[in-house]
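**Q** Shown below is the structure under consideration.
The values are calculated or read from the model by the stated rules, or taken from the named source; none is laboratory data. Everything quoted here is computed from the prediction, not taken from an experiment. Please note: Cβ atoms are built from the backbone with ideal geometry, for glycine as well, and neighbour counts cover all protein chains shown.
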Amino acid sequence: MTRRAPKPSGVPKTSGGLGALLAQFQLTDSAFPSGLYTLSHGLEGYVQLRIAGADDVHDLVSGVIRAAGTADAAALALAHRAVASDDWDAVVEADRRLHAIKLGPEQRTASVRTGRQLLGLAEPAFGSAPAVRLGRLVAGGATPGNHAVVVGAVHAGLGVPVRDAVAGDLYALAASCATAAVRLGRSDFRRAQGLLRALRPEIVRAAETALAARDPRDLRSSTPLADVVAAAHERAEARLFIT
Amino acid sequence: MELEQVYKIGIGGPVGSGKTALIEALVPLLVGRGHRPGVITNDIYTQEDAQHVRRTLAGTLDADRVVGVETGACPHTAVRDDPTMNLAAAAELLDRFPDIDVLLFESGGDNLTLTFSPALADVFVFVLDTAEGEKMPRKRGPGTTDSDLLVINKIDIAPYVRTDLAVMERDAHAVRGNGRVILTDCLTGTGVSDVADFVLDRRETLCSSTG
């Protein structure tokens, strides 16, 4: 693939201002309608197999966050940098690689479904030029449009620094897991807030791992237990969540 | 008494399944067995349930021991995701009536995904009824499968709504494993003493396990 020199990309020259912060609040707000409420990020599978009690939630969610550090969050960082330097081949490469390392159909479907939902909202919500361009690539079948990659592209377009973008999305993931734990009856509102506090060091570590990624080949996933549980969840007769 | 020390019963289920009727049948039994209950109902817009409970239990339970909370949202938000307003209402009720030893929380009518926050209910009772159709247990959902007690209400009208009660009960047991199922007709009281036995036995178990 050819790499082009940086040129105007719809990405603000200055970044990290208050406007960018406010836009990031909007994008990472749990009320943002990208469909995250349909995902338990694997927790429901453990609950259905009766191998997840209230005391296991912290370790399970820590595992989800840790895994994101080398996969979704790292792809987000790569996509963010690629959009900022107007390297759309690199955006596509990161997106395809992320899609390839998601083993289960549930994970791939959920990632693409929420990603496309965000693409559809990014124009009215943010006037996001990178999202429009990425949307055309997705519509043309050039790239799948995983949620993390779309988030990276939108954040870059908003002038949100890559570090903040990665941390914000990892926090949104943690908050989504905590909400799922409440809905699954494995936590209450107090424990859920305590969980988010306890997860901060894991989020910081995962962000550092993600930000260290320099190449799509740095994206990787090794979560055999989660993959087995997800496979069982995929065949469950009844479920609350897609994942 | 502090809220943490009061036994809390959460009652949820679809609209019209008989949650209010169960409370109205259960409270006199609890009073008869020496308990001092308080009731907190959740309605989306109104205090209709609270007013109904006050009217029905007049002479058995002081009307001021029944409090309505308008949720203004999906009922599960108020009893599962953010139960702080219910907890605040309970704390205020206990301030006024420190002798209350059992609190019954009635969720607004909801769907099959309803559960209670563990912070709000020590025991979770889910109420279905025969008029919803005999397929309801097979549709599952956490209320049906994971509640501490599943009540199938309105057994008296099953023949008139083309529900085979035996099928409904069989399927309920099939999806609940060892979870208890009790059949009731709350308007005549059928099965309600079994519900009282269950919730009070569970209270004894919790008290003994927490010392």
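For (1) crowded, with 20+ Cβ neighbours inside 10 Å; (2) within 14 Å of the chain's Cα centre (by Cα); (3) at pLDDT 95 or above; (4) among the aromatic types (Phe, Trp, Tyr), each residue gets a yes or a no:
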{"position": "B:92", "(1), (2), (3), (4)": "no, no, no, no"}
{"position": "B:97", "(1), (2), (3), (4)": "no, no, yes, yes"}
{"position": "B:104", "(1), (2), (3), (4)": "yes, yes, yes, no"}
{"position": "B:108", "(1), (2), (3), (4)": "yes, yes, no, no"}
{"position": "B:111", "(1), (2), (3), (4)": "no, no, no, no"}
{"position": "B:114", "(1), (2), (3), (4)": "yes, yes, no, no"}
{"position": "B:121", "(1), (2), (3), (4)": "yes, yes, yes, no"}
{"position": "B:125", "(1), (2), (3), (4)": "yes, yes, yes, no"}
{"position": "B:130", "(1), (2), (3), (4)": "yes, no, yes, no"}
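For (1) outside any helix (DSSP H, G or I); (2) under 22 Å from residue A:214 (Cα atoms); (3) in contact (Cβ under 8 Å) with a residue 24 or more places away in the chain; (4) touching an Asp or Glu at 6+ places or on another chain (Cβ under 6 Å), each residue gets a yes or a no:
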| position | (1), (2), (3), (4) |
| --- | --- |
| A:96 | no, yes, yes, no |
| A:107 | no, no, yes, no |
| A:117 | no, no, yes, no |
| A:120 | no, no, no, no |
| A:124 | no, no, no, no |
| A:148 | no, yes, yes, yes |
| A:151 | no, yes, yes, yes |
| A:167 | no, yes, yes, no |
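**Q** Of all the residues that make up the stretch B:8-28, how many are crowded, with 18+ Cβ neighbours inside 10 Å and not in a strand (DSSP E or B)? Walk me through how you get there before you give the answer.
**A** Taking the stretch B:8-28 first, the residues crowded, with 18+ Cβ neighbours inside 10 Å are B:8-14, B:17-28.
Narrowing the set further to residues that are not in a strand (DSSP E or B) leaves B:13-14, B:17-28.
Qualifying residue count for the region: 14.
**Q** Here are A:34, A:40: which of them is in a loop (DSSP other than H, G, I, E, B), among the polar types (S, T, N, Q) and at pLDDT 85 or above? So that I can check it myself, show each step before the final result.
**A** On the way: A:34 fails: at pLDDT 85 or above.
Matching residue, one of A:34, A:40: A:40.
**Q** Looking at B:185, B:164, B:171, which one is farther than 25 Å from residue A:237 by Cβ and of a type in the set (Asp, Glu)? Full working, then the answer.
**A** Numbers: B:164 fails: farther than 25 Å from residue A:237 by Cβ; B:171 fails: farther than 25 Å from residue A:237 by Cβ.
Sole residue among the options that is farther than 25 Å from residue A:237 by Cβ and of a type in the set (Asp, Glu): B:185.
**Q** Which of the residues belonging to the stretch B:171-211 are over 19 Å from the mean Cα position of the chain (by Cα), modelled with pLDDT of 95 or more and surrounded by fewer than 18 Cβ atoms within 10 Å (Cβ to Cβ)?
**A** B:173, B:174, listed by residue number.
**Q** Taking interchain pairs and intrachain pairs at least six residues apart, which have beta carbon atoms under 8 angstrom, with the first residue in the stretch A:200-227 and within 14 Å of residue A:100 (Cα to Cα) and the second of a type in the set (S, T, N, Q) and not in a helix (DSSP H, G or I)?
**A** Matching pairs, first to second residue: none at all.
**Q** Run down A:54, A:90, A:110, A:31 and say which single residue is among the hydrophobic types (A, V, I, L, M, F, W, C) and under 21 Å from residue A:217 (Cα atoms).
**A** Exactly one residue qualifies, and that residue is A:90.
**Q** Next question. In this structure, is residue B:183 away from every other protein chain (no Cβ under 14 Å) and in contact with a strand residue (DSSP E or B) (Cβ under 9 Å, 6 or more places away or on another chain)? Lay out the reasoning, then the answer.
**A** Numbers: away from every other protein chain (no Cβ under 14 Å): yes; in contact with a strand residue (DSSP E or B) (Cβ under 9 Å, 6 or more places away or on another chain): yes.
Here the answer is yes, as residue B:183 does meet what is asked.
**Q** Now, a different point. Looking at (1) of a type outside the set (S, T, N, Q); (2) modelled with pLDDT of 95 or more; (3) more than 18 Å from the chain's Cα centre (by Cα), find the lone condition where residue A:188 falls short.
**A** (2)
**Q** Okay, next question. Residues that are closer than 19 Å to residue A:185 by Cα, buried (at least 17 other Cβ atoms within 10 Å of the Cβ) and either within 12 Å of chain A (Cβ to nearest Cβ) or not aromatic (Phe, Trp, Tyr) (or both): does the stretch B:149-161 have at least one? Give the steps one after another, and end with the answer.
**A** Taking the stretch B:149-161 first, the residues closer than 19 Å to residue A:185 by Cα are B:149-150.
Then keep just the ones that are buried (at least 17 other Cβ atoms within 10 Å of the Cβ); that gives B:149-150.
Among the residues that remain, those that are also either within 12 Å of chain A (Cβ to nearest Cβ) or not aromatic (Phe, Trp, Tyr) (or both) are: B:149-150.
Yes, there is a match, as at least one residue in the stretch B:149-161 is closer than 19 Å to residue A:185 by Cα, buried (at least 17 other Cβ atoms within 10 Å of the Cβ) and either within 12 Å of chain A (Cβ to nearest Cβ) or not aromatic (Phe, Trp, Tyr) (or both).
**Q** Scanning the stretch A:229-243 for residues that are outside any helix (DSSP H, G or I) and small (Gly, Ala, Ser), which turns out modelled with the lowest pLDDT?
**A** As a first pass, look at the stretch A:229-243 and keep what is outside any helix (DSSP H, G or I): A:235-243.
Right, trim to small (Gly, Ala, Ser) and you get A:236, A:238.
Numbers: A:236: 87, A:238: 82.
That would be A:238.
**Q** If I filter the stretch A:194-207 down to residues being within 25 Å of residue A:48 (Cβ to Cβ) and within 21 Å of the chain's Cα centre (by Cα), which single residue comes out as farthest from the other protein chains (Cβ to nearest Cβ)? Step through it out loud before you land on a result.
**A** Pass one, the stretch A:194-207, residues within 25 Å of residue A:48 (Cβ to Cβ): A:194-196, A:198-199, A:202.
Add one more test, that the residue is within 21 Å of the chain's Cα centre (by Cα), and what stays is A:195-196, A:198-199, A:202.
Numbers: A:195: 14, A:196: 14, A:198: 18, A:199: 19, A:202: 23 Å.
For the stretch A:194-207, the residue satisfying everything is A:202.
**Q** Something else now. Exactly one of (1) surrounded by fewer than 17 Cβ atoms within 10 Å (Cβ to Cβ); (2) assigned to a helix (DSSP H, G or I); (3) among the charged types (D, E, K, R); (4) within 14 Å of chain B (Cβ to nearest Cβ) is unmet by residue A:191. Its number?
**A** With (1) surrounded by fewer than 17 Cβ atoms within 10 Å (Cβ to Cβ); (2) assigned to a helix (DSSP H, G or I); (3) among the charged types (D, E, K, R); (4) within 14 Å of chain B (Cβ to nearest Cβ) applied to residue A:191, the lone miss is (1).
**Q** With respect to the numbered conditions (1) more than 14 Å from every other protein chain (Cβ to nearest Cβ); (2) more than 14 Å from the chain's Cα centre (by Cα); (3) part of a helix (DSSP H, G or I), which one is the sole condition not fulfilled by residue A:143?
**A** Result: residue A:143 fails condition (3) only.
**Q** I've got another one for you. Would you kindly identify the helices (runs of 4 or more DSSP H) lying entirely within the stretch B:113-211 that contain at least 1 residues that are in contact with a Lys or Arg (Cβ under 7 Å, 6 or more places away or on another chain)?
**A** B:142-146, B:165-176, B:192-210
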